[in-house]
1. Only one residue in A:I212, A:I192, A:I179 is in contact with a Cys (Cβ under 8 Å, 6 or more places away or on another chain), in contact (Cβ under 8 Å) with a residue 12 or more places away in the chain and not polar (S, T, N, Q). Which one?
2. Out of (1) open to solvent by 60 Å² or more (accessible area, probe 1.4 Å); (2) in contact with a strand residue (DSSP E or B) (Cβ under 9 Å, 6 or more places away or on another chain), what's the single condition that is false for A:P210?
3. Any idea how many residues of the stretch B:14-44 are in a helix (DSSP H, G or I) and modelled with pLDDT under 85?
4. Identify all residues within the stretch A:84-97 that are open to solvent by less than 20 Å² (accessible area, probe 1.4 Å) and within 14 Å of chain B (Cβ to nearest Cβ); write none if there are none.
5. Quick test for you: out of A:D44, A:D38, pick the one residue that is under 24 Å from the mean Cα position of the chain (by Cα), surrounded by fewer than 20 Cβ atoms within 10 Å (Cβ to Cβ) and not in a helix (DSSP H, G or I).
6. Checking the structure you have, find out if any residue of the stretch A:352-360 is in the same structural domain as A:R320 (by TED's automatic domain parsing), within 30 Å of A:D44 (Cβ to Cβ), open to solvent by 40 Å² or more (accessible area, probe 1.4 Å) and of a type in the set (K, R).
7. Between a residue in the stretch A:383-403 that is more than 11 Å from chain B (Cβ to nearest Cβ) and among the aliphatic types (A, V, I, L, M) and any residue that is surrounded by 19 or more Cβ atoms within 10 Å (Cβ to Cβ) and part of a helix (DSSP H, G or I), which pairs come within a Cβ distance under 7 Å, given they are 6 or more apart or on different chains?
8. Which of the following residues is assigned to a strand (DSSP E or B) and either within 12 Å of chain A (Cβ to nearest Cβ) or free of Cβ contacts under 8 Å to residues at least 40 places away in the same chain (or both): B:I57, B:I47?
Amino acid sequence: MKLKKFFSGFIYDTYGAIASANLLICTLSGVALAIPFDVSDPYDSISRFIIQNPLAGFFRNFHYWSGQLFLIFTIIHLIDHFYRKTESRVKPDVWLRVTLSLAFTFFVMLSGFILKGDADAMQAWRIFGTLLNDVPLIGDFLAFVLLGREGNFELLYVHHIATATIFLFIVVYEHAKYIWTKARTTFITVVIISILSYFFHAPLHDNIDPVIKGPWYFVGLQEILHWMPQPGWSLLIVLVVLLIVYFIPRMKTSVALSMKQFLVVLLVVYGGLTIVGYFFRGENWKWEPFYFTEAHNSFKVSRLLFRVTDNHMQEIPQVRGRREACLVCHENMQGFTDSHSVEGLGCTSCHLGNPFTLDKSQAHEKMILIPGNLANASKTCGTADCHPDITQRIQNNIMTTNSGMVTVDRYVFNEENNLDELAHIQNIGHSAADEHLRNLCAHCHLGNPKREFGAINEMSRGGGCNDCNLN
Amino acid sequence: MINLVLLGFIFAVAKLARLHEQFTSTKTFTIDRNSLNEGFNFFERFIVLVDSENIKIFSSKCTHLGCRITKTEGQELVCPCHGSHYNKNGEPVRGPAPRQLETPAFEISGDKIIITFVAG
């Protein structure tokens with residue numbers, strides 16, 4: 001009870017009212033966001049206003065956080081009604097639409113996620129489309145009507161800003177009998193969202209990071225789907241949950257209580273799966289116990305800087321479909337081969353950092369200064385669009401291991417009898433043969449990291465991929 | 001009553017969608033053979049495997065949930081969304097993918113590889 005009292009101190013209105021306030025704020029901020037947003041190229045328009053238009057960036061964050069809070073408080077609102085056993089007060093046909101509105105809530109959230117148009121969004125679009133296609137008889141129709149054709153965001157945009165939103169407002173009005181929330185509730189909600197929006201940014205994938213994840217509320221589903229060769233069955237789980245919610249007001253009290261407990265257990269399990277998917281799954285959905293150190297990176301999009309400089313007025317160069325604000329300062333970089341030219345690759349493909357800001361310190365955050373070093377190559381040269389297979393096999397290449405040289409050298413020094421023995425230059429010791437290698441060949445192998453900047457020539461050895469291919 | 005109106009609206013949309021769905025068309029995608037490297041070559045819709053003199057073409061759509069496969073791990077194609085792995089024949093070897101990658105129709109004409117596919 002103490003815990004309940006503690007939490008109730010933070011709740012400034014009913015859960016439903018807070019959810020409604022968030023819906024209202026989300027919708028109004030969406031209207032503002034519609035001005036700079038270009039549905040024909042969402043990723044580009046979002047990138048541009050994050051870089052050049054801090055106010056639009058703020059509205060985007062505002063839209064994002066009000067949306068997330070709307071979802072969270074809608075679920076809490078439902079649980080609260082189930083807990084207080086007040087769901088039976090709602091008329092049956094209204095309750096039907098309330099139940100449907102749960103699906104619409106997730107749809108409006110997911111469509112917003114897809115409307116970023118980044119790598120995560122495009123994969124989510126395909127997954128959702130394939131899942132809907134699995135629905136018997138009407139699958140094709142559902143996928144087409146809800147999502148439209150892949151690559152064309154227009155229909156999805158219409159559903160996001162109109163169809164689903166209007167439906168949600170109708171349902172809110174039908175069961176709550178109001179649209180405008182109290183001034184105090186709205187004000188406090190605006191303050192909370194403003195704080196969140198200033199410090200935590202709505203995610204935008206840089207299309208370089210190889211990790212692909214859905215929105216946080218579907219990461220649990222992504223984990224479930226990872227274990228399901230026939231993923232269409234997951235829709236049955238969703239249908240069963242909606243049917244239970246719909247029939248709970250008509251059930252006997254004892255059965256309804258059991259069903260409510262079942263839903264709570266399901267929610268807790270799903271929450272656990274969400275934590276697993278969000279914090280412990282990395283590239284290619286592999287189990288990575290330490291991925292949680294990277295998980296917050298999706299919110300790393302640059303801090304809002306409302307000071308507009310001359311740089312903000314310039315056209316931001318676009319490379320490989322991505323705005324590269326780095327090139328505003330680092331123009332006319334030279335010395336690369338044609339295939340690694342700045343015009344062809346930009347900066348962040350190799351050096352990472354943050355391409356969506358004109359602020360030096362933010363742009364240089366988490367940069368990889370010498371991308372060819374083999375320790376970093378999988379994140380730079382080896383990303384999906386470039387050389388994913390080479391960076392894997394280069395680790396066992398004789399230019400990396402120097403295996404033959406090591407073995408022959410040891411053989412000559414009578415330290416090795418078998419010329420077929422495999423060795424790695426990184427593992428050499430301090431025997432006479434190995435010291436000989438250290439004095440002559442060891443600094444040439446590809447695995448030797450380059451630590452100094454500057455032109456690559458016959459005097460600068462090591463540096464992995466850079467050693468041969470950059471210029 | 002409102003539910004009936006909604007149902008009628010959905011039927012109207014369904015009819016419209018069915019008419020629109022008919023606008024799918026067969027398209028071609030041409031690749032310059034000289035631009036291909038040994039191993040896997042990734043394109044938006046397709047993956048071209050050059051293995052010595054042999055060329056194999058797969059759809060880049062994962063058979064599990066339709067994600068675009070964009071990378072390899074070792075000698076295997078790997079889906080970034082749920083971790084399905086496919087071998088050089090496009091057969092699933094690990095992860096949730098239930099079946100082989102689709103192979104589109106293609107022909108080689110001189111230095112050109114012409115792939116035919118249905119665009120939805």
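The values are calculated or read from the model by the stated rules, or taken from the named source; none is laboratory data. Being a predicted model, the structure only gives us computed values, none of them experimental. Note that each Cβ is placed from the backbone with ideal geometry, even for glycine, and that neighbours are counted across all protein chains shown. To get the accessible areas, we keep the full protein, side chains included, count just its heavy atoms, and leave off ligands, DNA and RNA. Shrake-Rupley method; radii C 1.70, N 1.55, O 1.52, S 1.80 Å.
1. A:I212
2. For A:P210, the failing item is (1).
3. The qualifying residues number 8.
4. A:V94, A:W95, A:R97
5. Values: A:D44 fails: not in a helix (DSSP H, G or I).
Unique residue meeting the criteria: A:D38.
6. Within the stretch A:352-360, one or more residues are in the same structural domain as A:R320 (by TED's automatic domain parsing), within 30 Å of A:D44 (Cβ to Cβ), open to solvent by 40 Å² or more (accessible area, probe 1.4 Å) and of a type in the set (K, R).
7. Within 7 Å, the pairs are A:I394/A:T400.
8. Answer to the check: B:I47.
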